[in-house]
1. Could you work out which residue, out of GLY114, GLY40, GLY11, moves most in a Gaussian network model of the chain, that is, has the largest mean-square fluctuation with Cα springs under 10 Å?
2. Do the alpha carbons of any pairs in LYS3/LYS103; LYS3/LYS219; LYS91/LYS126; LYS91/LYS198; LYS179/LYS219 sit beyond 23 Å of each other, and which pairs?
3. Skipping prolines and chain starts, which residues have an amide H placed within reach, meaning under 5 Å, of the one on GLY195, given they are 5 or more residues away or on another chain?
4. Can you compute the charge dipole magnitude of the chain about its Cα centre, using +1 on each Lys and Arg Cβ and -1 on each Asp and Glu Cβ, nothing else charged? Give it in debye, rounded to the nearest 20.
5. Through the Karplus equation 6.51 cos²θ - 1.76 cosθ + 1.60, θ set to phi - 60°, convert the phi angles of the range 212-218 into ³J(HN,Hα) values in whole Hz; use x for Gly and Pro.
6. Take the alpha carbon atoms of the range 15-119, find their radius of gyration, then divide it by 2.2 N^0.38 Å using N residues; give the quotient.
7. Select from SER10, ALA69, VAL22 the residue farthest towards the positive end of the dipole of the chain; place +1 on Cβ of Lys and Arg, -1 on Cβ of Asp and Glu, and compute about the Cα centre.
8. Give me the orientation-averaged projected area of the Cα convex hull of the range 159-226, in nm², one decimal.
Amino acid sequence: MMKLTIFAASGGIGRHLLEQAVAAGHDVTAVVRSPQSLTGWEGRARVVTADLAAPASDVLASAVVGRDAVLSGLGPRKPRSEAGVTSQGTKAIVAAMQATGVKRLVVVSAAPIGTVPSPGRPNPPKHDAGDGFFMRHLGSRFARAMFSAHYADLALMEDTLRASDLDWTVSRPPQLTDKPLTGVYRTAHGQNLVGGSKVSRADVAHHMLRVVDQPETIKQTIGIAN
């Protein structure tokens, strides 16, 4: 059993993290913006209310202190209109972890981020090593055009992690689906997966929980796909 804190525990991936972690018998603290979003979880998980857009440092510290690991499914509910949510919230999470001495952090990002420039990586590779012909020539351009602000925010989030002293791991899934958990997926360290266009939120959550105690994934980005 591990002591885990899950941020954005009522979101698309966060809800799966919460359900799977509790089902596995872990001691879970679930951090959400609104407690009503986790009605019925009393007694199964400790629910903490925090707005990461304007966080209270003592609240975040109390949510992570003494935990074995922190997992974040943080992301905008509307990727094209809530830019900044993920990077700002992750900065607050990192600060709380550093203040309390908690080191292990697993977060979700997105497959295209390896080629997105940021202040910390102003000259990223033009192509991801795992991208096939379609993604290299059409898919990645379309995705960046549609979600440029969201991807820029995720790149800033990854900058924050690289600049920290935490033991972080970044999951980079492609298009997310609501298909059920299979536990069957492909992963690759430091790159995307050829032909990997989709993966379910449930399987991303499964992998995020699995890597918590895998030291070889520390300070690594992990591509995941069907």
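The values are calculated or read from the model by the stated rules, or taken from the named source; none is laboratory data. Small disclaimer: the values here were computed from a predicted structure and weren't measured. Cβ sites come from the backbone with ideal geometry, for glycine too, and all protein chains shown count toward neighbours. The accessibility values were calculated without ligands, DNA or RNA, using every heavy atom of the protein model including side chains. Shrake-Rupley method; radii C 1.70, N 1.55, O 1.52, S 1.80 Å.
1. Evaluated over the chain, the most mobile residue of the options is GLY40.
2. Where the Cα-Cα span goes over 23 Å, the pairs concerned are LYS91/LYS126; LYS91/LYS198; LYS179/LYS219.
3. GLY132
4. Value, rounded to 20: 520 debye.
5. Result, ordered by residue: 3, 10, 10, x, 5, 9, 5 Hz.
6. 1.11
7. SER10
8. 4.6
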